[in-house]
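See structure below.
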Amino acid sequence: MIEKKEIKLIAIDMDGTLLNDQHVISDENHQAIKEAEEKGIHVVISTGRTRMTCDELVNSLELNAHLITVNGSEIWDEKRELVERQLLDIKHIEQMWGLTQKHQTTCWAATVNQVIREEFPSDISAHEWMKFGFDVKEDSIRELILAELKENPALEVTNSSTTNLEINAAGVNKAKALEKVCERLGITMDNVLAMGDSLNDLAMIKEAGIGVAMGNAQPFVKESADWVTSTNIEDGVAVAIRKWALL
Ligand SMILES: O=C(O)COP(=O)(O)O
């Protein structure tokens, strides 16, 4: 039985959480977020996406709050000024690029000004890298890559779906970024309600006062959460906001 806590900040993941399977924010989720803001609660979108791929959806919420992107690599303030950005080392990008070649997998990556999908640049060192991703349908190959990545203590390895791997610099995750946002606002992680569905949400779900997993979350995320809400296609975000922050 989890006790209710005073919620001063709500951190919400996007894909598989705030967004339905058509990548749309439902009216019900929109309304619950609006009511939370009206109550004076900071609503912080905390996503693996880059500004380029989340702005339109985030702006539609008209929030007056910080924003966390690329799994915590970037923190933006209410005016969308950059507070902090953390990069991956070039040698680690080269290592991961080597792994995609070795295992013949699909990869993608986020630099500070683009999301790279098909054409991987030959001048790796000319870019500033924030995240590297592998898409691997075959479990055995994904596990091999995961094992190699885990040997490198400079990397933070998570996922945003069961068939991908997402890599940031060690110590970069949504929980660390949220702690920094909380510090700026003078609140503690105990007053945070965080919700998500994948391993890139795990740290914030564990460290928040109330950590909520979506009904569609990966099993380990559900096991680690304080509470499991409905799925992303059943307005699970609104359900959790109403249960933990609005009553
Ligand atoms: O990494 C992604 O692109 C998925 O983003 P999410 O963290 O909002 O689910």
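Descriptive notes on the structure:
- All conditions in (1) farther than 13 Å from Ile10 by Cα; (2) in contact with a Phe, Trp or Tyr (Cβ under 9 Å, 6 or more places away or on another chain) hold for Gly211, with the sole exception of (1).
- Within the stretch 33-59, the set of residues being among the small types (Gly, Ala, Ser), away from the ligand (no atom under 15 Å from the Cβ) and touching a strand residue (DSSP E or B) at 6+ places or on another chain (Cβ under 8 Å) comprises Ala36 only.
- Checked against the criterion of being of a type in the set (A, V, I, L, M) and closer than 17 Å to Asp197 by Cα, the candidates Ile68, Ile33, Ile7 yield just one match: Ile68.
- Within the stretch 107-158, the only residue that satisfies the criterion of being among the hydroxyl-bearing types (Ser, Thr, Tyr), surrounded by fewer than 17 Cβ atoms within 10 Å (Cβ to Cβ) and within 13 Å of Asp89 (Cα to Cα) is Ser125.
- Taken over the stretch 80-104, the criterion of being touching a residue at least 40 places away in the same chain (Cβ under 8 Å) and of a type in the set (Asp, Glu) is satisfied by Glu84, Asp89.
For every residue, the table says whether it meets (1) acidic (Asp, Glu); (2) not in a loop (DSSP other than H, G, I, E, B).
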| position | (1), (2) |
| --- | --- |
| Ser140 | no, yes |
| Glu156 | yes, yes |
| Ser161 | no, no |
| Asn168 | no, yes |
| Lys176 | no, yes |
| Val181 | no, yes |
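- Leading residue by the ranking (farthest from Pro153 (Cα to Cα)) among those in the stretch 80-106 that are surrounded by 17 or more Cβ atoms within 10 Å (Cβ to Cβ) and within 16 Å of the ligand (Cβ to nearest atom): Gln86
- Residues that are open to solvent by less than 30 Å² (accessible area, probe 1.4 Å) and more than 21 Å from His30 (Cα to Cα), drawn from the stretch 225-246: Ala225
- If you go through the stretch 113-138 and keep only what is more than 16 Å from the ligand (Cβ to nearest atom) and either part of a loop (DSSP other than H, G, I, E, B) or free of Cβ contacts under 8 Å to residues at least 24 places away in the same chain (or both), you end up with Asn113, Glu118, Glu119, Phe120, Pro121, Ser122, Asp123, Ala126, His127, Glu128, Lys137, Glu138.
- Picking from residues in the stretch 201-228 that are assigned to a strand (DSSP E or B) and of a type in the set (A, V, I, L, M, F, W, C), the one that is nearest to Cys182 (Cα to Cα) is Ile210.
- Scanning the stretch 1-15 for residues that are surrounded by fewer than 23 Cβ atoms within 10 Å (Cβ to Cβ) and in contact (Cβ under 8 Å) with a residue 24 or more places away in the chain returns Ile2, Lys4, Lys5, Glu6, Ile7, Lys8, Asp15.
- You will find that of Leu165, Leu144, the residue that is within 16 Å of the chain's Cα centre (by Cα), outside the structural domain of Ala225 (by TED's automatic domain parsing) and of a type outside the set (S, T, N, Q) is Leu165 and no other.
- Test: residue in the stretch 90-106 that is part of a strand (DSSP E or B) and within 18 Å of Val70 (Cα to Cα): no
- Residue in the stretch 59-79 that is open to solvent by 50 Å² or more (accessible area, probe 1.4 Å), more than 17 Å from His30 (Cβ to Cβ) and part of a loop (DSSP other than H, G, I, E, B) present: yes
- Within the stretch 25-53, restricting attention to residues that are assigned to a helix (DSSP H, G or I), surrounded by fewer than 21 Cβ atoms within 10 Å (Cβ to Cβ) and not charged (D, E, K, R), the residue that is nearest to the chain's Cα centre (by Cα) is Thr53.
The values are calculated or read from the model by the stated rules, or taken from the named source; none is laboratory data. In this text the structure is predicted, and so the values were computed from the model without any measurement. Cβ: placed from backbone, ideal geometry, glycine included. Neighbour counts: every protein chain shown. These area figures cover heavy atoms from the full protein model, side chains too; ligands, DNA and RNA do not enter into them. Shrake-Rupley method; radii C 1.70, N 1.55, O 1.52, S 1.80 Å.
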